[in-house]
1. Kindly provide the set of residues from segment 170-201 that are surrounded by fewer than 15 Cβ atoms within 10 Å (Cβ to Cβ) and either at pLDDT below 95 or assigned to a loop (DSSP other than H, G, I, E, B) (or both), ordered by number.
2. Pick from 60, 8, 20: which is acidic (Asp, Glu) and more than 20 Å from residue 285 (Cβ to Cβ)?
3. For segment 232-277, enumerate the residues that are acidic (Asp, Glu) and closer than 17 Å to residue 300 by Cα.
4. Quick one: residue 60 ticks every box in (1) at pLDDT 95 or above; (2) touching a Ser or Thr at 6+ places or on another chain (Cβ under 7 Å); (3) more than 28 Å from residue 184 (Cα to Cα) bar one, so which box is it?
5. Given the structure, is residue 95 over 19 Å from the mean Cα position of the chain (by Cα), within 29 Å of residue 215 (Cβ to Cβ) and either modelled with pLDDT of 95 or more or not β-branched (Val, Ile, Thr) (or both)?
6. When only residues in segment 322-335 that are touching a strand residue (DSSP E or B) at 6+ places or on another chain (Cβ under 9 Å) and not in a loop (DSSP other than H, G, I, E, B) count, which is surrounded by the fewest Cβ atoms within 10 Å (Cβ to Cβ)?
7. Across segment 1-24, what is the total count of residues that are at pLDDT below 95 and under 18 Å from residue 54 (Cβ atoms)?
Amino acid sequence: MSRVQPYELALDPPLRTARETMQTRRGLLFRVEEGPGGIGDAAPLPPFTESDEESRAALERAADAYDHRGWPAALKVVSDQRDGRLEYPAARHAVSLAMLDWRGRTQAEPLFEQLGGTAGAPVPVNATVGDASPSETAQSVAEARNMGFQAVKVKVGRGPVDRDLERLRAVRERVGSTVSVRVDANGAWSPETATTFLRNAADLDLAAVEQPLPVAETLAHADLRGLGTPIAVDESLAEFPVQELLAANVADWYVLKPMALGGVDVAAGAGRRIARQGGTPICTSIFESVVGRTAAVHLAAALGVTEAAGLATADRLVTDLAEDPAPIEDGVVIPPSGPGLGIGEVGIDG
């Protein structure tokens, strides 16, 4: 038998997105109780995924399909596509993850091995610093370094380019080259503004500039390459198939959100395709519960990701659904070596 369980976890501080300020993170667990059991997480976050309501309806249909016809039928229900994109990526993430967890428990195999990895190597993760004054930004980066983080992502694009450049120069003056620094504009700039930033940031030794242009200008990212700093795309992967982005040479780095792509299995395939074509895959989460976040840790380990992953999100959750089996220590996280996800007892009350 299978069942769908909604959950809601308080966020502190709240999560600000392009659409809303979220005080809580809502999601759905897809549980299978047959044999050793299996569990998956759907944490919808439009526009990356379908809505909460659409995801729940899809998961209810998948549960009915599983109960009557098994895994293939359940997976088929959540694999519908429109214009080459999955209609219910969060729901498919949950069902496919529950299947992989169940299979891993059955075969005594950790998830990273099912995804093609050979060892549960430590995964470097980045800290994230939001918009603030130059001195506050530099202080936050220094604090992250002192906590063991070797990489920090700084949010930019909320103010003038000159202000962001001043903030980043303050960071370099404070920490020098002891920390890898990337920036994330969340699609805030025009091609002209992004070009101005890149030309003036050439001496800042930035690891990458993430999503400088809006999704509507995705293909124009290709024109920003070669200006001294690697270009990464993130939001664009929610609208464009990976193969199309690779064919257009839009970026150097590609940010993989398994929840938005439809599952860790889909993301693993995309990551290997990116690597084969000379790109760099980066794994990140979208503030899922411990179930989804741990799955992303397994994905990063399976891909052998060397650039820091965006998985340091657990501290934003006031409570979680289970004890974290992969806590961050000194800027790295190690995937659980137990069967399947490697998570202990998962309960809606934490």
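The values are calculated or read from the model by the stated rules, or taken from the named source; none is laboratory data. Just so you know, these numbers come straight off a predicted model, no measurement behind them. Cβ: placed from backbone, ideal geometry, glycine included. Neighbour counts: every protein chain shown.
1. 176, 177, 178, 190 - these are the residues of segment 170-201 that are surrounded by fewer than 15 Cβ atoms within 10 Å (Cβ to Cβ) and either at pLDDT below 95 or assigned to a loop (DSSP other than H, G, I, E, B) (or both).
2. Only one candidate passes the filter, namely 60.
3. Selection gives 234, 265.
4. Result: residue 60 fails condition (2) only.
5. Considered against the rule, which asks whether it is over 19 Å from the mean Cα position of the chain (by Cα), within 29 Å of residue 215 (Cβ to Cβ) and either modelled with pLDDT of 95 or more or not β-branched (Val, Ile, Thr) (or both), residue 95 comes out as no.
6. Ranking the qualifying residues of segment 322-335, first place goes to 332.
7. Qualifying residue count for the region: 4.
Okay, residues lined up against (1) closer than 23 Å to residue 239 by Cβ; (2) in contact with a helix residue (DSSP H, G or I) (Cβ under 9 Å, 6 or more places away or on another chain):
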| site | (1), (2) |
| --- | --- |
| 20 | yes, no |
| 23 | no, no |
| 31 | no, yes |
| 36 | no, yes |
| 39 | no, yes |
| 42 | yes, yes |
| 49 | yes, yes |
| 54 | yes, yes |
